[in-house]
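What follows is calculated from the coordinates using simple rules that are stated; it is not laboratory data. No experiment lies behind these values; they were computed from the predicted model shown. So basically every Cβ, Gly included, is an ideal-geometry build from the backbone, and we count neighbours across all protein chains shown.
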């Protein structure tokens, strides 16, 4: 059962990471509400977002490869009907490595984002404006 859970999780996460890395590499990964490095420095401007994710791109690519390779390993373990005791070390290892590969580049990405100017604050006569 653990091999099946690992297969589904690794495939889903690996596919999402692959999608994200392709978007980052093509400069089409925009600020959004559900994925990416979402901290104040990276959300300050579209340019900061792009620069930060470019800085993290090699690590994110490695995370995608680890997940998709892990999915293959889980598929093999599922086919050979490996017990959960055999699958558990693979499960822990793959997802621990994934966690490391996603967290380690964050400080570098934040530093890169901080080197980019922020978007100017919105102007106008909307609610909270001092103009009106």
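Computed quantities for the displayed model
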item	result
Filter result (surrounded by 17 or more Cβ atoms within 10 Å (Cβ to Cβ) and touching a residue at least 60 places away in the same chain (Cβ under 8 Å)) within the stretch 35-51	37, 41, 42, 44, 45, 48, 49, 51
Test result for residue 94, in contact with a helix residue (DSSP H, G or I) (Cβ under 9 Å, 6 or more places away or on another chain) and closer than 25 Å to residue 4 by Cα	yes
Complete set of residues in the stretch 78-111 that are part of a helix (DSSP H, G or I) and more than 20 Å from the chain's Cα centre (by Cα)	78, 79, 84, 85, 86, 87, 88, 89, 90
Options 10, 75; residue that is part of a helix (DSSP H, G or I), surrounded by 19 or more Cβ atoms within 10 Å (Cβ to Cβ), touching a helix residue (DSSP H, G or I) at 6+ places or on another chain (Cβ under 6 Å) and touching a residue at least 40 places away in the same chain (Cβ under 8 Å)	10
